[in-house]
Amino acid sequence: MTEDLKIGLVVSGGNAVGSYHAGALKALSGILPKGSVKVISASSVGVLNAYAYATDKIDVLEDCWKNLPTGGLFSMFRALRKDSLLPKYIDDVMKETDVLDAPFYVTTSEPKKPLVEYWKIEGAYKESWRDLFYQAASFPFLVPKLRSEEKRRLDGGLFDNIPVYPLFYEKDLDMILILHSDPKYTPPEECFADGKIVFDYVVNLGLCKVIDHYKFDRKRVAKWFDEGYALAKEVFLEIFSEAESKEALRSKVTAFYQRKLAERKKAHAADSLATMCNNIFWNLFGRKEL
C-alpha cells in the first residue's frame, strides 16, 4: 500500500537535536519508497537534513552529524564563525549532479514584513541553491553574512520552524508526515483538508531536555542520531507495515497519537517556545503568500 501513497514531508529545525531528525530520515529511507514523497518542506537545519534525504545522501548526512568538529556550544560558535562549518556541510551534502525529483520548499526569515518566505526549488541543481541554503540555516549571530548577499535573509526557524504552510497548496496528498521536536505542537486544521492523514511525529520525545537543543557535543550528537534512527525505525514499521488501506493507515496514526498524548502533554522542549513565538509573529505580521 505504501507504494501508492502520496506523502508530503515536513522536516523542522532543531539546532543540535536536528541529529534526531537526521536519524529519523535514515529510518524513513529504509522503510518508505522514496517515490512516495511527492513534496518536501523544511526549515533551518532541517533543510540540510531533508535535502540529503531527497538526494540519497543519508550516509553523508550521518557522517556530518557524527563528526562535528566541536565539543560544545562555544566551540560550535567558533566553528560557524571562524571555520566556515556551514558552507563545508553544504558542500558535503550538495553536488552539481543532484536532481530533486519532487518540489522542495526552503523556508527563510527576514527582519521585515513579510517575515517568512518559502522558496520552491526542483529539478537539476542550480548554483543559487547554495546561498539559499546558507541563508535558510543561518542562525543570527552564529553564522556570518555572505559577502555576496545583497539582501540579508535569516534562519527559517525564527518565524516558521515547522513549515507545513507550503503543503496547503499541494493537491492530491494522502498524508502529511511532520518530523519535529515540539511535543506541544498541533497541526493547523488546513493540513487535514481533503481527508489527508496527518502524522506529526516528535522524533525525540522523552529523550532529551530543553538545554540539550544547544549542546553540540560530538559524542552526544552521534548518540542522538542513533537513538533517532532506532526509535523512528520502530515507529515507521508500526505505522506503515501491513496497512492495507488509507483508512487502516489513518487508524494506526490515530492510535499512535493517542498512546503518546499523555507523554506529550508532560514533556518540555525548546521548540515549544519557538512554535509559540512563530504563531505570534504570523498573527501580527503574516507571511508571504506562495
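Read-outs: derived from the displayed coordinates by stated rules, not from any lab. Quick caveat, the model's predicted, so the values are computed rather than measured. When we count neighbours, we look across all protein chains shown, and the Cβ atoms used for this are built from the backbone with ideal geometry, even at glycine.
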- For residue 60, the net charge from surrounding residues (Cβ-Cβ under 14 Å; K, R +1; D, E -1) works out to -2
- Over what distance in Å are the Cα centres of segment 148-198 and segment 218-290 separated? 12
- Message: Just to be sure I understand, if you calculate volume of the Cα convex hull per residue in Å³ for this structure, which of (i) 118; (ii) 175; (iii) 165 do you get?
- Response: (i)
- Query: Can you list the residues, at least 5 places off or on another chain, whose amide H is less than 5 Å from the amide H of residue 10, using H built in the peptide plane?
  - Reply: 41, 177, 178, 179
- Query: By how many nm would the segment from residue 254 to residue 192 lengthen if fully extended, with 0.36 nm per residue of separation less the alpha-carbon distance?
  - Reply: 21.0 nm
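Helix check for the chain. Which DSSP H runs span at least 15 Å along their own axis by Cα, with a mean Kyte-Doolittle hydropathy no less than -0.5? Each step should come with its number before you reach the end.
Numbers: long enough: 18-31 (20 Å, 0.45); 218-240 (32 Å, -0.13); 246-266 (31 Å, -1.25); 270-285 (23 Å, 0.58).
Within the chain the helices that satisfy the rule are 18-31, 218-240, 270-285.
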- Length-normalised contact order for the chain - Cα pairs under 8 Å, 6+ apart - percent: 30
